[in-house]
1. Check the range 99-108 and report whether any residue there is under 19 Å from residue 147 (Cβ atoms), part of a helix (DSSP H, G or I), modelled with pLDDT of 85 or more and open to solvent by 40 Å² or more (accessible area, probe 1.4 Å).
2. Is it the case that some residue within the range 382-405 is at positive phi and either in contact with a Ser or Thr (Cβ under 8 Å, 6 or more places away or on another chain) or in the same structural domain as residue 300 (by the TED database) (or both)?
3. Hey, among 344, 329, which residue is out of contact with any helix residue (DSSP H, G or I) (no Cβ under 6 Å at 6 or more places or on another chain) and closer than 22 Å to residue 259 by Cβ?
4. Filtering the range 366-382 down to residues that are in contact (Cβ under 8 Å) with a residue 60 or more places away in the chain and over 15 Å from residue 71 (Cβ atoms), which residue is surrounded by the most Cβ atoms within 10 Å (Cβ to Cβ)?
5. Scan 317, 300 and give me the residue that is at positive phi and in a loop (DSSP other than H, G, I, E, B).
6. Which of the residues that make up the range 255-280 are open to solvent by 10 Å² or more (accessible area, probe 1.4 Å) and over 14 Å from residue 240 (Cα atoms)?
7. Could you list, in sequence order, all residues of the range 170-202 that are basic (Lys, Arg) and farther than 30 Å from residue 404 by Cβ?
Amino acid sequence: MKIYPTQNQQIGDVTAYIATEVEQTPDFLHTYLKKHTEKQQNIVVAFPLLERPLVVALLLEKGKDTNAEREKARQLGNELLTTFKKEKYTEVYIHSSADKDLTMCVLEGMQLSDYQFNKYKTKEDSQPEISVYVDLPVTELTQFNNLLASVAVARDLVNEPPLALTTTRLSEEIEVLSKHFGFEVSVLRKQEIQDLKMGGLLGVNAGSEVPPTFNILTWKPKNAENQQPYVFVGKGVVYDTGGYNIKPGNYMDTMKADMAGAAAVVGLLCAVAKNQLPLHVVGLIPATDNRINSNAIVSDDVLTMMNGMTVEIKNTDAEGRLILADALTYAQRLNPELVIDLATLTGAAARVTGHYGSAFMGNASDEIKKRLQRSGDKVFERLIELPFWDEFGEDLKSPIADIKNLGNPEGGASSAGKFLEHFTNYPWVHIDIAGTAFLNAPFRYFKAGGTGVGIRLLYDFLSEVSTYND
């Protein structure tokens, strides 16, 4: 599906034709919409015409809960697109009485619903592509399309099988995307990672035949409003066996999605650069898989991290925090305004939120947290703050090292956050997307598979930051 701005002449020709057919004046659509809008009804009116494109009139009214209405509009978009495909329409004109925000949400639901990952299917879907025309400004539609294309990029990366997306291939994909979307990228290889003494990343990678990479994505326009960058760190475990604490049963299924945090950071940089946001933004992606051979770390090993801290390993399946720790330490070099990490980090967080939202915590100000939550509510990537008490940090004490990599089973998501805090000296937020990054079954306008969670949330947050700075 592709969305285009409606040319006035196009919609005029179509509405005039409908008006002739029903013996109304050419502006009858506006009159009809106005009449029903005054009654505060939410209605969709379709005008299927012989040898003419379908015209759909949207009569949408905002209720008291604006965010709930936005989500209803996205679901409506999903339903509309399903109908268009079922009826095999190839060209649709949408005329909306709703404000621009709700109309965009309808389009968002359509675009998110339209996503498919058919790369490895031998029989392609024979459905024709649908062209959707809507009466919205060209610039805003272009930015909207760029954002949704960036979400699709992340979903593609998450959905790729492990054989196709190793650490080195992930870096190659990022380099290709940087040229298309306009950001800069620097890829550090194993020797450079060793020179930086990133013991967490090297330790998790020790059992793999494929070397790690550390990816630095940068968008710094000349008109950047911030001197200190906003830094986003994405967990890039391209496949997680659990290491020697191997995942039992079907718990290894979908572990290709353990790099969804990395994918979100890639997608965010794509959107920010393509839409030319006037902000200095950096993405950091430590990438490895978590495999098993005779060199792999085991419980009771001790690793020395980039900042010099020693970590006793108590579970090799608590590996994501080890590679994030080195990335968070590296972020100190950038003198950041704010650092936000995204990671499929703990089953404990997923058990709190399910796939309906993500857990977060950190030492950033309440203002920043509230702004993140507002953005999450707006795009329906909701956030709930978990407790971040010092007692969770006490659970990480080790008898032989500075800290250990695992706390108690109770409050596991919070103790994981406390582990990461040891490697920060700046305002920081940790978002655990374990429950939202990958769906095993369709949900509303998302198909099963990668969701691209985090991109729309953080893009809205950065857009608000830019507006706030103005």
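The values are calculated or read from the model by the stated rules, or taken from the named source; none is laboratory data. This structure is a prediction, so every number in the text was calculated from the model and none was measured. Cβ placement follows ideal geometry from the backbone for every residue including glycine, while neighbour counts extend to all protein chains displayed. Accessible surface areas use protein heavy atoms only, side chains included; no ligands, DNA or RNA. Shrake-Rupley method; radii C 1.70, N 1.55, O 1.52, S 1.80 Å.
1. yes
2. Taking the range 382-405 as the starting set, the residues that turn out to be at positive phi are none.
The answer is no, given that none of the residues of the range 382-405 is at positive phi and either in contact with a Ser or Thr (Cβ under 8 Å, 6 or more places away or on another chain) or in the same structural domain as residue 300 (by the TED database) (or both).
3. The unique qualifying residue is 329.
4. Result: 372.
5. 300
6. The answer is 274, 275, 276, 277, 278, 280.
7. 179
This table checks each residue for (1) over 19 Å from the mean Cα position of the chain (by Cα); (2) surrounded by fewer than 18 Cβ atoms within 10 Å (Cβ to Cβ).
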{"position": "154", "(1), (2)": "no, no"}
{"position": "157", "(1), (2)": "no, no"}
{"position": "166", "(1), (2)": "yes, no"}
{"position": "170", "(1), (2)": "no, no"}
{"position": "187", "(1), (2)": "yes, no"}
{"position": "192", "(1), (2)": "yes, yes"}
{"position": "195", "(1), (2)": "yes, yes"}
